[in-house]
C-alpha cells in the first residue's frame, strides 16, 4: 500500500515537472523591420481599442515601420524581447518602453519609442526634446542586424 502511494506520488511529481518544463516562454517577442529609406522617430502606441492588432510570424509579433514612423495597435506587449531588422543606414538610438497601468496594476496601454539615424541626427532630435522636457540616452540601443 505504501509502495503504491509512493509510486503514485513520484509519477505525479514527474508529470507536473514535465508539464512545467514544456510550457512556452511567456515573454512576447517583437521583430521590428526598419525599411532602407527610413530615418527619424518611431512610435508604437499599444492597447488602442479601435486599432488593428500587430501582424504575427509564428510566435513573433512583427512591426513594419511605416514612412511616418507612427503605428497604433490594439496589441499590448508587456516587456517584449525586441529584435531589429534594420535595412537603413542609420542605427537605432534611444529605445524606450512604457506600460500604462490602472491603479491596481492592470495594463491598459503602452508605448515603444526609438530613433533611427546617425548620432548627429539623434542628438539634434534630443536637443529639440530636451527643450520640451524629454530626454533619452545618447548611445545606440541595438547593433544593426
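Throughout, read-outs are computed from the coordinates displayed, never taken from laboratory work. It should be emphasised that the depicted structure is a prediction, and the values quoted were computed from it without experimental measurement. Don't worry about glycine lacking a Cβ; one is built from the backbone with ideal geometry, like all the others, and counts go over all protein chains shown.
Okay, here's what the table says:
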| item | result |
| --- | --- |
| Which of 108, 71 has the fewest Cβ neighbours within 10 Å, and the rest in rising order | 108, 71 |
| Extension gain (nm, one decimal) between residue 104 and residue 131, 0.36 nm per residue minus Cα-Cα | 6.4 nm |
| Between region 51-85 and region 91-124, the alpha-carbon center distance in angstrom | 13 |
| Cβ-based exposure ranking for 107, 52, in which fewest neighbours within 10 Å come first | 52, 107 |
| Gyration tensor verdict on region 57-127 (Cα atoms; rounded if a/c is under 1.5, prolate if a/b is larger than b/c, oblate otherwise) | oblate |
